[in-house]
Amino acid sequence: MMEGVTDYNEDLLIDFTDVIFTRGGRNLVGPVTWQVELDERWVIIGPNGAGKTTLIRMAAAEEFPSSGQARIMGEQLGRTDMRDLRSMIGVSSSALGNRIPDKEKVADLVISAGYAILGRWREDYEEMDFEHATEILEQVGAMHLADRTWGTLSEGERKRVMVARALMTNPELLILDEPTAGMDLGGREDLVAYLGELAMDPDAPAIVMITHHVEEIPSGFTHAMLLDEGEIVAQGLIDSVLTNENLTRAFHQPIQVDRIGERYFARRVRTANSHRQS
Ligand SMILES: Nc1ncnc2c1ncn2[C@@H]1O[C@H](COP(=O)(O)OP(=O)(O)OP(=O)(O)O)[C@@H](O)[C@H]1O
Ligand SMILES: [Mg+2]
């Protein structure tokens, strides 16, 4: 590839080189070199405070790196209009949820996603927007909530609505920060199954999802990153990353991970490397 020329691999949605995010004299993230392509579905795992949310806030064009080069869809963060980028990225996070007014109606919240991202609100939505919103709310199992207000929703109900909202704009990149946190078992399994379907859909956006539980990784996810103290412990194809050794390193205790069918299960064991212990 030629140096300094703007044509780039259009399938390369996230392209981070030596990205560092510093606050208070401390590297909260980095250096991180990481690439995400259109057909990839990533899960990011790591202890509390590892820097996962900080990392994906840069991927969502919500923060700039302190150093290094961060390209999102070919655009370098800091040299482009962040709002343009954000309109192509769907985000679900509790931080975003906290900014939603209690009185907002769920249907409006989902329909307005595209307009809100661009910083303009519109009273008269298109008929197509209504249909699309209805379809997505149905897919995430939240159609029955359409007429409710945000302030009346439970934690798990909010998560579903946030995912619907993130998908409303038909994003190129879907970023989910702990989308299943606070969900009951049935709700979690519903969302995990839906994300699994999305993962297998060749027309679906690239997905980057943070979770604390390997049990919540939907089938069809292709890649994983383990993060600890801002640094990458392992990244790459999911099966090569989610090993006893890597999880033990990331969590500083002996972890055993098992794969049953398409799903992963992890727990602490007495000694590391006890692959066959049960
Ligand atoms: N603006 C800030 N100034 C100083 N420290 C910060 C700032 N924002 C985040 N941090 C710290 O950076 C670290 C990484 O935070 P981050 O939210 O990215 O972690 P995380 O991996 O998402 O954790 P969790 O699993 O708890 O959500 C934490 O130690 C946090 O306290
Ligand atoms: Mg976080």
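Structural remarks
- Accessible surface of E189 - all protein chains present, 1.4 Å probe, nearest 10 Å²: 60
- For segment 79-94 and segment 41-75, distance of Cα centres in Å: 12
- Residues V257, V43, sorted by accessible area with the largest first, give V257, V43 [1.4 Å probe; ligands and nucleic acids excluded].
- Solvent accessible area, Å² - H144, 1.4 Å probe, full protein context: 130
- Of the residues T152, T22, ranked by 1.4 Å probe accessible area with the largest first, the sequence reads T152, T22.
- Whether segment 152-203 is rounded, prolate or oblate, judged on the alpha carbon gyration tensor where a/c under 1.5 counts as rounded: oblate
The values are calculated or read from the model by the stated rules, or taken from the named source; none is laboratory data. From a predicted model like this one, the values you see are computed outputs, not experimental measurements. When the accessible area is computed, the model is the full protein with side chains, heavy atoms only, and any ligands, DNA or RNA have been set aside. Shrake-Rupley method; radii C 1.70, N 1.55, O 1.52, S 1.80 Å.
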